[in-house]
1. Against the condition away from ligand 1 (no atom under 16 Å from the Cβ), in a loop (DSSP other than H, G, I, E, B) and either over 25 Å from the mean Cα position of the chain (by Cα) or under 24 Å from N654 (Cβ atoms) (or both), how does R459 come out, does it pass?
2. So how many residues does the stretch 661-677 have that are buried (at least 22 other Cβ atoms within 10 Å of the Cβ) and either farther than 14 Å from H731 by Cβ or of a type in the set (A, V, I, L, M) (or both)?
3. Please give the number of the condition N654 fails out of (1) within 16 Å of ligand 1 (Cβ to nearest atom); (2) over 21 Å from the mean Cα position of the chain (by Cα); (3) under 24 Å from H555 (Cβ atoms).
4. Of the residues E537, E530, E543, which is in contact (Cβ under 8 Å) with a residue 60 or more places away in the chain, open to solvent by 10 Å² or more (accessible area, probe 1.4 Å), farther than 15 Å from P587 by Cβ and of a type in the set (D, E)?
5. State the number of residues belonging to the stretch 53-80 that are under 30 Å from V141 (Cα atoms) and either modelled with pLDDT of 95 or more or over 26 Å from the mean Cα position of the chain (by Cα) (or both).
6. For R743, all conditions in the list (1) on the phi < 0 side of the Ramachandran plot; (2) not in a strand (DSSP E or B) hold save one; what is the number of the exception?
7. E586 - would you say it is under 25 Å from K676 (Cα atoms), acidic (D, E) and buried (at least 18 other Cβ atoms within 10 Å of the Cβ)?
8. Residue by residue through the stretch 617-651, note down the ones that are at positive phi and within 13 Å of ligand 1 (Cβ to nearest atom).
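The values are calculated or read from the model by the stated rules, or taken from the named source; none is laboratory data. Predicted model, so just to flag it, every value in this text is computed and none were measured. As a convention, Cβ positions derive from the backbone with ideal geometry for all residues, glycine included, and neighbour counts pool all protein chains shown. Side chains included, ligands, DNA and RNA excluded: accessible areas come from the protein's heavy atoms. Shrake-Rupley method; radii C 1.70, N 1.55, O 1.52, S 1.80 Å.
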Amino acid sequence: MQYGHFDDEAREYVVTTPRTPYPWINYLGNEDFFSLISHTGGGYCFYRDARFRRLLRYRYNNSPTDVGGRALYIRDGDDVWTPAWMPMKSELDSFECRHGLGTTKIRGSRNGVTAEMLYLVPLGETAEVCRLTLTNESSTVKTLKVFSLVEFCLWNAWDDQTNFQRNFSIGEIEIEGSAIYHVTEYRERRNHYAVFGVNSPIAGFDTDRETFLGLYNGLHEPEAVLEGAPRNSIASGWAPIGSHCLEVELAPGESRSFVFVLGYVENPDEDKWERPGVVNKEPARALMARFSETAQLEAAVAELRDHWSSLLEISTVESSDERLNRMVNTWNPYQCMVTFNMSRSASYFESGIGRGMGFRDSNQDLLGFVHLVPERARQRIIDIASTQFADGSAYHQYQPLTKRGNNDIGSGFNDDPLWLIIGVAAYIKETGDFDILSEEVPFDNDEANTATLFEHLRRSFHFTLENLGPHGLPLIGRADWNDCLNLNCFSETPDEPYQTTANREGRTAESIFIAGQFVYTAPDYADLAEYMGFAEEATAAREHSTQMEAAILEHGWDGEWFLRAYDFFGNKVGSHECEDGQIFIEPQGFCVMAGVGVDDGRALRALDSVAERLATPYGIVLNQPAYSRYHVELGEISSYPPGYKENAGIFCHNNPWVMIAETRVGRGDRAFDYYKRIAAAYLEKISDVHRTEPYVYSQMVAGRDAVREGEAKNSWLTGTAAWNYVAIAHHILGIRPEFDGLRVSPCIGAEIQNFTVTRRCRGAVYRIRVTNSLKHDGPLLKVNGETTKGTLVPYAPAGETVDIDCET
Ligand code: BGC
Ligand code: NOJ
């Protein structure tokens, strides 16, 4: 069942009923100011950090779901309704929400009045702007009262939800004209405040929640609105809100627009006050002046549209499959931008409070983002590398505001260091910016202890080598990519976090995933070492990789697939000898991606085992059989009920590793088949089962052992976005930048017969026409009409256009 449709031309998903199976959201904002907004206007916004600079209050895990954020009420005579449907769940004559690239437009109508709210965060602004357009479609004059509503969070979102003995007494507000200023804590150490203004005179306002709603009322029954009378309340402590009341008279057929600005403003220390005790509002006035006319807002919308067009034209595909086109051209890169911006901080499944930027997550997010804005990827790499320790290990997370490593989580996830090499290699392949390797970068943010970025990579690589276990395979530490495989944790006490509870001392638990990751990483690392003039290091790296491959084949092969790990006691994890958890997806994907077993048939065997044991119609589950009881020696993985999350859920992040692995052994039909099983646009028709947005990936879909098989959770912020982009664009469609040329090597099976890819890279444009006849052993290329050998097309000078014909 569907709840809307794609509008490919407008690059929007059009939600046509408010009753979606879950709130379907969008992200507004590109760099500093971000909003989460659902199809009914729920969500919140923040400046940079969803924990410490949150403007709007939001209550997660609430019932009803998704109340809060922004609301807009219309009073038409005695009839009060909410055009976004929530919070009053008004019966509407029509409803539509268009989630687009950085814009969300919600339209509802009732009794001849249509209200349309267009939300965006204009480029370069730290504000969420909303154009409200009211249209009278009836034949009589309409006299309306419009009430806006936002509920302010007291900046620190954690404190806001917990520390009521303090925060019930700190809320403060100022009013000036039509602007409501939220200035809580400004009197002391904050130089920032929020402003909520509208470009029109107002008939009244409210800033105290209790006065506006009534103490025992919900947002669906605000007393001030129901009585049609704003109270002009001034909040003092408790819960400050911002509500304007506008009186609007509309002749039949008449339309009027208003612009609301919800902004974040920061003053310099010396200009904090206008006069003693009065906040300096100058920058806020200037902000509102930039949007005092609707034309200014329309210009901002056009600018944003052009911005996205120029980003998305960097890489496009034209094929006969519109779902493929819309994923590759629009929605997958869009999600990659969002994951790059947010890491795992703020979504409808991540509270914005708990987690900062992940070391491994951010390196992987780069993979799907680097072609869009390489300069930002560069900065991100420097930020991430600056949280590495001198011994090559790394903080697992860092805080976005301070960019410091997070001590609560610490380090000890032994896959982390290698992801830095993977991220840096991807950046250099895209840009050719080898100079980044010579940048001086601190360890643990200590400017007194720095080394070149290449040296950071060297330490990453050698960290793995210095931490090998009894079989010559990498020690897992607290966990590897699979956060829930905690082989040294042995937690018997409720409430202990699996990832941070003191581990048992021991150098026995080994990860075949990290081993595969090491072999995957080694060729790029060796090439970079060579580039830097370290020929011996390059040779040594290749030898280490050969040894690791041998260790995998000797100790990491179970007969039909790759093992997952050795536990603390040296017992196998992911072996046919195990009771549960006999086979895991991660090492099959990563080892084959790395080329392990490709020559001797083991790669094929492993992938066939995946197809036989792990593949389901909804995607490939993580392991089988699911753990049916808690295993103290395995940790969190066995804490989940069968079929959910890391215990045999479909973890959409690692499915693309298998897709890429299938292309490695030349089975494009299988790769594309797996792709379609989890790619959002292909699931639109089963939205009632899948439940999350049909335009973005979710982290997890419940697996075949789960009670709710096929149901997705945790949409948006997941490494799934980047890896699926890599799988489809780089390996299945097969166009990928390498250090010294653009690789053109499609592997998509028979279904998509012809397609065209346009790819901009390092200033040149490549137009690639693929005739997918599957007649040849490998792709045959003509570059600008000339037959060439192999599949690597040397980079053309910036400004040139290269025409490539590729026949498979
Ligand atoms: C989740 C993982 C997540 C981890 C982060 C676990 O509970 O299952 O997916 O990465 O927490 O700490
Ligand atoms: C989510 C985490 O963000 C990611 O780092 C991890 O690899 C997966 N969960 C799998 O556990």
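1. So R459 fails the test.
2. Number of matching residues: 2.
3. N654 satisfies all of (1) within 16 Å of ligand 1 (Cβ to nearest atom); (2) over 21 Å from the mean Cα position of the chain (by Cα); (3) under 24 Å from H555 (Cβ atoms) except (2).
4. E537 is the lone residue from the list that is in contact (Cβ under 8 Å) with a residue 60 or more places away in the chain, open to solvent by 10 Å² or more (accessible area, probe 1.4 Å), farther than 15 Å from P587 by Cβ and of a type in the set (D, E).
5. The total comes to 10.
6. That leaves (2) as the condition not met.
7. Spelling it out, E586 is indeed under 25 Å from K676 (Cα atoms), acidic (D, E) and buried (at least 18 other Cβ atoms within 10 Å of the Cβ).
8. Of everything in the stretch 617-651, those that are at positive phi and within 13 Å of ligand 1 (Cβ to nearest atom) turn out to be G635, K645, A648.
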